[in-house]
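Asker: Below: one structure in C-alpha coordinates.
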Amino acid sequence: MTWTAPTVERRELPTVAGEREMLQGWLDFHRDTLLTKCTGLTGEQLTQATSAPSTLTLLGLVRHMTDVERSWFRKRFLGEPIDDIYFTEASPDADFDDLDPATAEAAFAAFRAEVEVCDKAVADSGLDETFETRRGTLSLRWIYVHMIEEYARHNGHADLLREQIDGVTGS
(Lines give C-alpha, C1' and ligand atoms only; values in the text may rest on other atoms or scores of the structure.)
Protein backbone atom coordinates (compact mmCIF):
# COMPACT_ATOMS: atom_id res chain seq x y z
CA MET A 1 0.00 0.00 0.00
CA THR A 2 1.28 3.47 -0.90
CA TRP A 3 1.47 6.06 1.87
CA THR A 4 -0.42 9.30 1.26
CA ALA A 5 0.16 12.53 3.18
CA PRO A 6 -2.77 12.99 5.57
CA THR A 7 -5.17 15.90 5.78
CA VAL A 8 -4.01 18.62 8.17
CA GLU A 9 -6.37 20.88 10.05
CA ARG A 10 -4.72 24.28 10.22
CA ARG A 11 -4.97 25.96 13.58
CA GLU A 12 -6.79 29.26 13.74
CA LEU A 13 -4.67 32.37 13.80
CA PRO A 14 -5.00 34.53 16.89
CA THR A 15 -6.36 37.95 16.02
CA VAL A 16 -5.93 39.62 19.39
CA ALA A 17 -3.22 38.17 21.62
CA GLY A 18 -0.03 38.87 23.48
CA GLU A 19 3.24 38.86 21.58
CA ARG A 20 4.28 35.28 22.41
CA GLU A 21 0.87 33.83 21.59
CA MET A 22 0.76 35.82 18.33
CA LEU A 23 4.23 34.67 17.25
CA GLN A 24 3.48 31.06 18.18
CA GLY A 25 0.13 31.24 16.38
CA TRP A 26 1.69 32.50 13.14
CA LEU A 27 4.48 29.94 13.34
CA ASP A 28 1.98 27.11 13.89
CA PHE A 29 -0.16 28.39 11.01
CA HIS A 30 2.82 28.30 8.64
CA ARG A 31 3.91 24.87 9.89
CA ASP A 32 0.40 23.57 9.21
CA THR A 33 0.35 25.29 5.81
CA LEU A 34 3.44 23.41 4.65
CA LEU A 35 1.83 20.09 5.56
CA THR A 36 -1.47 21.20 3.99
CA LYS A 37 0.35 21.71 0.67
CA CYS A 38 1.29 18.02 0.82
CA THR A 39 -2.15 16.63 1.73
CA GLY A 40 -3.29 13.74 -0.44
CA LEU A 41 0.01 13.25 -2.25
CA THR A 42 1.95 9.99 -2.36
CA GLY A 43 5.61 9.63 -1.54
CA GLU A 44 6.33 9.54 -5.25
CA GLN A 45 4.49 12.80 -5.85
CA LEU A 46 6.18 14.45 -2.87
CA THR A 47 9.59 13.75 -4.43
CA GLN A 48 8.71 15.24 -7.83
CA ALA A 49 10.84 18.22 -8.79
CA THR A 50 8.34 20.10 -10.94
CA SER A 51 10.12 23.37 -11.54
CA ALA A 52 13.22 22.59 -13.59
CA PRO A 53 16.07 23.27 -13.35
CA SER A 54 15.40 23.43 -9.59
CA THR A 55 15.50 20.13 -7.70
CA LEU A 56 13.16 21.50 -5.01
CA THR A 57 10.41 19.09 -3.89
CA LEU A 58 7.69 19.09 -1.28
CA LEU A 59 9.36 16.26 0.64
CA GLY A 60 12.62 18.17 0.49
CA LEU A 61 10.90 21.21 2.01
CA VAL A 62 9.46 19.13 4.87
CA ARG A 63 12.88 17.61 5.56
CA HIS A 64 14.58 21.01 5.28
CA MET A 65 12.22 22.62 7.77
CA THR A 66 12.70 19.72 10.19
CA ASP A 67 16.42 20.48 10.35
CA VAL A 68 15.84 24.25 10.38
CA GLU A 69 13.55 23.92 13.43
CA ARG A 70 16.10 21.73 15.18
CA SER A 71 18.99 24.01 14.29
CA TRP A 72 17.50 27.32 15.45
CA PHE A 73 15.54 26.32 18.53
CA ARG A 74 17.60 23.48 19.96
CA LYS A 75 21.14 23.69 18.62
CA ARG A 76 21.63 27.44 18.45
CA PHE A 77 19.28 28.89 21.08
CA LEU A 78 19.53 26.13 23.68
CA GLY A 79 23.03 24.95 22.72
CA GLU A 80 22.03 21.28 22.65
CA PRO A 81 24.89 19.11 21.33
CA ILE A 82 22.77 17.22 18.81
CA ASP A 83 23.30 16.30 15.18
CA ASP A 84 21.13 17.42 12.32
CA ILE A 85 18.68 14.84 11.02
CA TYR A 86 19.38 15.24 7.30
CA PHE A 87 22.24 17.73 6.85
CA THR A 88 25.72 16.24 6.99
CA GLU A 89 29.15 17.67 6.39
CA ALA A 90 29.54 15.30 3.44
CA SER A 91 26.09 16.14 2.09
CA PRO A 92 24.98 19.62 3.24
CA ASP A 93 21.95 19.51 0.90
CA ALA A 94 20.84 16.00 1.85
CA ASP A 95 17.51 17.38 3.06
CA PHE A 96 16.71 18.29 -0.56
CA ASP A 97 18.82 15.81 -2.49
CA ASP A 98 18.81 12.38 -0.87
CA LEU A 99 15.11 11.61 -1.30
CA ASP A 100 13.35 8.27 -1.35
CA PRO A 101 9.53 8.14 -1.70
CA ALA A 102 9.49 5.22 0.73
CA THR A 103 10.75 7.51 3.51
CA ALA A 104 8.01 10.15 3.16
CA GLU A 105 5.90 8.89 6.05
CA ALA A 106 8.94 8.78 8.36
CA ALA A 107 9.97 12.28 7.26
CA PHE A 108 6.52 13.66 8.11
CA ALA A 109 6.65 11.93 11.52
CA ALA A 110 10.13 13.38 12.12
CA PHE A 111 8.86 16.86 11.23
CA ARG A 112 5.94 16.63 13.65
CA ALA A 113 8.12 15.20 16.40
CA GLU A 114 10.78 17.90 15.97
CA VAL A 115 8.20 20.69 16.06
CA GLU A 116 6.77 19.28 19.28
CA VAL A 117 10.20 18.96 20.90
CA CYS A 118 11.21 22.47 19.81
CA ASP A 119 8.01 24.02 21.18
CA LYS A 120 8.45 22.27 24.53
CA ALA A 121 12.16 23.11 24.66
CA VAL A 122 11.59 26.87 24.49
CA ALA A 123 8.19 27.08 26.21
CA ASP A 124 9.66 28.48 29.43
CA SER A 125 12.17 30.78 27.73
CA GLY A 126 11.54 34.49 27.39
CA LEU A 127 11.47 36.18 24.00
CA ASP A 128 14.25 38.52 25.16
CA GLU A 129 16.63 35.67 26.04
CA THR A 130 19.70 35.81 23.82
CA PHE A 131 22.42 33.61 22.37
CA GLU A 132 25.55 34.21 20.32
CA THR A 133 26.00 33.40 16.63
CA ARG A 134 28.35 34.45 13.86
CA ARG A 135 25.74 37.17 13.17
CA GLY A 136 26.17 38.46 16.69
CA THR A 137 23.71 38.37 19.57
CA LEU A 138 20.21 37.17 18.66
CA SER A 139 17.07 36.67 20.74
CA LEU A 140 14.40 34.00 20.86
CA ARG A 141 12.05 36.64 19.43
CA TRP A 142 14.38 36.88 16.41
CA ILE A 143 14.11 33.12 15.91
CA TYR A 144 10.31 33.25 15.91
CA VAL A 145 10.24 36.07 13.37
CA HIS A 146 12.88 34.35 11.23
CA MET A 147 11.04 31.02 11.32
CA ILE A 148 7.78 32.68 10.25
CA GLU A 149 9.65 34.31 7.36
CA GLU A 150 11.37 31.03 6.43
CA TYR A 151 8.08 29.13 6.34
CA ALA A 152 6.30 31.91 4.42
CA ARG A 153 8.99 31.84 1.73
CA HIS A 154 9.01 28.06 1.46
CA ASN A 155 5.22 27.87 1.52
CA GLY A 156 5.28 30.02 -1.61
CA HIS A 157 7.58 27.45 -3.18
CA ALA A 158 5.22 24.70 -2.01
CA ASP A 159 2.28 26.46 -3.72
CA LEU A 160 4.06 26.35 -7.06
CA LEU A 161 5.29 22.78 -6.66
CA ARG A 162 1.83 21.51 -5.69
CA GLU A 163 0.12 23.25 -8.59
CA GLN A 164 2.55 21.61 -11.01
CA ILE A 165 1.99 18.14 -9.50
CA ASP A 166 -1.81 17.98 -9.68
CA GLY A 167 -3.21 21.45 -10.33
CA VAL A 168 -4.29 22.03 -6.73
CA THR A 169 -4.11 25.67 -5.68
CA GLY A 170 -5.27 27.55 -2.64
CA SER A 171 -4.24 28.89 0.69
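Asker: Could you identify which residue out of 66, 36, 133 has the top mean-square fluctuation in a GNM of the chain using Cα springs shorter than 10 Å?
Answerer: Of the options given, 133 has the highest mean-square fluctuation.
Asker: Quick one: order 51, 71 from most to least accessible surface, probe 1.4 Å.
Answerer: 51, 71
Asker: If you keep only loop residues by DSSP, which GluC sites (Glu not before Pro) in the stretch 1-32 have at most 10 other Cβ atoms within 10 Å of their Cβ?
Answerer: Those satisfying the criteria are 9, 12.
Asker: How far, in nm, would the chain grow between residue 91 and residue 112 when pulled straight, counting 0.36 nm per residue and subtracting the alpha carbon separation?
Answerer: 5.2 nm
Asker: Something else: Give me the accessible area per residue for the stretch 1-127, probe 1.4 Å, as a whole number in Å².
Answerer: That works out to 50 Å² for each residue.
Asker: May I pose another question? What 222 nm value per residue comes from the helices of the chain, counting each DSSP H run with n ≥ 4 as -39,500 (n - 2.57) and dividing by all residues, nearest 500 deg cm²/dmol?
Answerer: Per the formula, -16000 deg cm²/dmol.
Asker: Under the 0.36 nm per residue contour assumption, what length would be gained going from the current alpha-carbon distance of residue 16 and residue 76 to full extension?
Answerer: So the chain would gain 18.6 nm between residue 16 and residue 76.
Asker: To the nearest 0.05, what FRET efficiency results for residue 127 and residue 153 with a Förster distance of 22 Å applied to their C-beta separation?
Answerer: Once the sixth-power term is evaluated, E becomes 0.50.
Asker: Carbon and sulfur: what percent of the chain's accessible surface (1.4 Å probe)?
Answerer: 52 percent
Asker: May I ask you to list the trypsin sites (Lys or Arg not before Pro) in the stretch 26-134 that are in a DSSP loop and have at most 12 other Cβ atoms within 10 Å of their Cβ?
Answerer: Sites meeting the loop and neighbour criteria: 134.
Asker: Can you tell me the dipole magnitude for the chain around its Cα centre, using point charges on the Cβ only (Lys, Arg +1; Asp, Glu -1), in Debye to the nearest 20?
Answerer: With Lys and Arg at +1 and Asp and Glu at -1, about 300 debye.
Asker: Same structure, new question: Going from the alpha-carbon gyration tensor of the stretch 80-156, what semi-axes, largest first and in whole Å, does one get by taking the root of 5 times each eigenvalue?
Answerer: 26, 16, 14
The values are calculated or read from the model by the stated rules, or taken from the named source; none is laboratory data. The model shown is predicted, which means the values in this text are computed figures rather than measured ones. Don't worry about glycine lacking a Cβ; one is built from the backbone with ideal geometry, like all the others, and counts go over all protein chains shown. Each accessible area value is taken on the protein alone, full model and side chains, heavy atoms only, with ligands, DNA and RNA left out. Shrake-Rupley method; radii C 1.70, N 1.55, O 1.52, S 1.80 Å.
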